[in-house]
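First comes the structure, then the notes that go with it.
The values are calculated or read from the model by the stated rules, or taken from the named source; none is laboratory data. Treat the numbers as computed from the prediction; the structure is a model and nothing was measured. Glycine also receives a Cβ, built like all others from the backbone with ideal geometry; neighbour counts cover every protein chain displayed.
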Amino acid sequence: MERKLQERKVNNIVCRCEEVTEQEIRDAIRKFNLTTVDEVKRLTRAGMGLCQGRTCGSLMEKILSEEINKKVSELLPLKKRPPVRPIKIKLLAKKERESE
Ligand code: FES
């Protein structure tokens, strides 16, 4: 039953920020033999949107784990690049002055 669900053509949006579907991610994994979430990210742009993968990162991991038959815990985690949200530099400077 689970295998049938995997094979079914699905167009569920996985990454809302970049509008990447589950099928696009599965197709990229199969076509290019992807083995890491970062490879999936680079090829599909899923995880490169405003939330930087906070919404779609775990879904990408789950899809990749299904496709390559590995547990999610065995996959390299998605790299996060700080700052996740832009902040004004004066806030950082203020924190530095407070700690002195
Ligand atoms: S939902 Fe994928 S980057 Fe935001």
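Hey, can you tell me all the residues within the range 9-52 that are without any contact (Cβ under 8 Å) to a residue 24 or more places away in the chain and assigned to a helix (DSSP H, G or I)? Within the range 9-52, Gln23, Glu24, Asp27, Ala28, Lys31, Phe32, Glu39, Arg42, Leu43 meet the criteria. The set of residues from the range 14-47 being crowded, with 20+ Cβ neighbours inside 10 Å and either within 11 Å of the chain's Cα centre (by Cα) or near the ligand (Cβ under 9 Å from one of its atoms) (or both) comprises Val14, Cys15, Val20, Ile25, Val37, Val40, Lys41, Thr44, Ala46, Gly47. Screening Leu50 against (1) closer than 20 Å to Asn12 by Cβ; (2) more than 16 Å from the ligand (Cβ to nearest atom); (3) surrounded by fewer than 20 Cβ atoms within 10 Å (Cβ to Cβ); (4) not β-branched (Val, Ile, Thr) leaves a single unmet condition, (2). Of the residues making up the range 1-13, not a single one is of a type in the set (D, E, K, R), at pLDDT below 95 and within 15 Å of the ligand (Cβ to nearest atom).
In this entry, Lys94 is excluded by the filter for residues that are surrounded by 10 or more Cβ atoms within 10 Å (Cβ to Cβ), part of a loop (DSSP other than H, G, I, E, B) and without any contact (Cβ under 8 Å) to a residue 12 or more places away in the chain.
When the residues of the range 53-77 are narrowed to those that are more than 10 Å from the ligand (Cβ to nearest atom) and not in a helix (DSSP H, G or I), which ends up surrounded by the most Cβ atoms within 10 Å (Cβ to Cβ)? Among them, the one singled out is Leu75.
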